[in-house]
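Report on one structure; see the data block that follows.
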Amino acid sequence: MIDLNGYSVLEKRIPEGLFNVLKAECLQCEQKNEKRFTALSGVDSATHYTLENTREHLNKYLEGVFDEYFNTFPNYLNTFQAFTNAVPFHIGKPWINIQRKNQFLPMHHHDGVLSYSIWIKIPYNLDEELKGSSFSSLFEFNYINNLGQLTQHKLNVDKSWEGKMIVFPSIINHLVYPFRTVDDNRISVSGN
């Protein structure tokens, strides 16, 4: 668990079977170049694809993960008084992020209540990346601390994060720095 000034981030490893089917779809999507869409635009920004074939499998798993989040961090749900049995939660369409060498995801936040990121493929060695810059390749949360100062929390995402996910409040700003040392792609799946 990561605490961001009262907002909590849950870290989990997804089941191997789910990881394998997600990875297979992610690796195929770029080859087919189908269902590509623009979410965060820019010349050097990652490319996004819609996750289609494994969406139901993923959503079934996410239902339990979101329940775990709300059971572990019940105070967060209290900030959303509008949700009742008459207004249930809905899991939105997931997307695939394909990030090439030198590409980034600019600072942004998501719609919804909770968001997640699942790392599918990390092609670089983190030690090599960090030799060039202390920010290279990192996933970073940005939030205001108790003293009103902008604060960062960096995740040193490396190959050990393949198959790992984070669940976090959608309103928290975050960004992904470019990696520089390999020509392969970094792949993740995200959603709300």
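The values are calculated or read from the model by the stated rules, or taken from the named source; none is laboratory data. The shown structure was predicted, so the numbers you read here are calculated from the model rather than taken from an experiment. Because the Cβ atoms are built from the backbone with ideal geometry, glycine has one as well, and the counts that use them run over all protein chains shown. With ligands, DNA and RNA removed, areas are computed over all heavy atoms of the protein, side chains included. Shrake-Rupley method; radii C 1.70, N 1.55, O 1.52, S 1.80 Å.
Scanning the range 122-134 for residues that are surrounded by fewer than 16 Cβ atoms within 10 Å (Cβ to Cβ) and part of a helix (DSSP H, G or I) returns ASP127, GLU128, LYS131, GLY132.
Out of the residues in the range 53-70 meeting the condition of being over 16 Å from the mean Cα position of the chain (by Cα) and in contact (Cβ under 8 Å) with a residue 12 or more places away in the chain, tell me which one is most open to solvent (accessible area, probe 1.4 Å). Checked the range 53-70; the qualifying residue most open to solvent (accessible area, probe 1.4 Å) is ASN53.
Within the range 12-22, the only residue that satisfies the criterion of being within 15 Å of the chain's Cα centre (by Cα) and either open to solvent by 60 Å² or more (accessible area, probe 1.4 Å) or among the hydroxyl-bearing types (Ser, Thr, Tyr) (or both) is ARG13. Of the residues SER137, SER160, SER170, SER188, the single one that is within 25 Å of ARG55 (Cα to Cα), small (Gly, Ala, Ser) and surrounded by 21 or more Cβ atoms within 10 Å (Cβ to Cβ) is SER188. Only residues in the range 1-28 that are among the hydroxyl-bearing types (Ser, Thr, Tyr) count as the first member; pair them with residues that are exposed (fewer than 12 other Cβ atoms within 10 Å of the Cβ), Cβ under 6 angstrom, at least 6 apart or cross-chain, and list the lot. Pairs that qualify, where the first residue is among the hydroxyl-bearing types (Ser, Thr, Tyr) and the partner is exposed (fewer than 12 other Cβ atoms within 10 Å of the Cβ), are SER8/MET1. Of the residues making up the range 140-153, those that are without any contact (Cβ under 8 Å) to a residue 60 or more places away in the chain and open to solvent by less than 70 Å² (accessible area, probe 1.4 Å) number 3. For the range 29-52, the candidate set comprises residues that are assigned to a helix (DSSP H, G or I) and surrounded by 13 or more Cβ atoms within 10 Å (Cβ to Cβ); within that set, the residue that is modelled with the highest pLDDT is CYS29. Restricted to the range 139-181, the set of strands (runs of 3 or more DSSP E) holding at least 3 residues that are within 19 Å of SER45 (Cα to Cα) comprises 139-144, 173-176.
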